[in-house]
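Accompanying notes for the structure given below.
FYI, it's all coordinate maths here, none of it is from the lab. Bear in mind the structure is a predicted one, so any value in this text is a computation, not a measurement.
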Amino acid sequence: MSDVTLREGRGDEGAALARCFRQMWLDVSIPEDGIEDDWQERVERFVEHGRRELGLRFFFAEHEGAIVGSVCVQRFAGLYPDLLKPSVRRYGYLWGVWVEAARRSRGLGRALTERGVEALREDGATHVLLHAAPMGLALYQSLGFTPTNELRLSF
């Protein structure tokens, strides 16, 4: 990992984050035709809104100027009206953890996740939420993430 640097993404790098996010889905076996045609614009709009309203930040891992990993964090917008004071519960959400296939299992996903968690801590989060792909479960659990009571019903 000594040849890789982590840095915060800039406001004009939404397209780069979109490419990473799209690749993350492809890497977990979502077919290309399962991704909306306007994927880049959707991510860029989401990032723009999130930066304005939800403290959204993203980080890239770079090797020789090429992006080889990413993570994004934001305050969780919620699924229902939030009645609790932020000192009781202020969720942060970590998403879009992606590492280029050739660089996996070298600590880069861990470093990106830890940087994202630290950014949420800096923002005052009391909890960090994420939805993990099966290949990431061991990593997240090793960092202290625990399964919750979320339930799912598929149709």
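Note down the relative contact order for the chain as a percent, whole number, built from C-alpha pairs under 8 angstrom at least six residues apart.
Relative contact order here is 23 percent.
If you consider only alpha-carbon coordinates, what radius of gyration and Dmax does the range 76-155 have, in Å?
When restricted to the Cα atoms of the range 76-155, Rg and Dmax are 14.2, 45 Å.
Apply the Kirkwood formula to the range 1-41: the hydrodynamic radius equals the inverse of the mean of 1/r over all pairs of different alpha-carbon atoms; give it in Å with one decimal.
By the Kirkwood definition, the hydrodynamic radius is 11.9 Å.
State, to one decimal in nm², a quarter of the convex hull surface area for the C-alpha atoms of the range 1-84, i.e. the direction-averaged projected area.
In nm², the orientation-averaged hull projection of the range 1-84 is 7.4.
Compute the helix-to-body angle for 108-122: its Cα long axis versus the longest principal axis of the chain, expressed 0 to 90° and rounded to tens.
40
Give me the compactness ratio for the chain, meaning the Cα radius of gyration over 2.2 N^0.38 Å.
Normalised Cα radius of gyration, the chain: 1.04.
Ignoring everything except DSSP H segments at least 4 long, calculate the 222 nm mean residue ellipticity for the chain; use -39,500 (n - 2.57) per segment, divide by total residues, nearest 500.
Here the helix-only value at 222 nm equals -10000 deg cm²/dmol.
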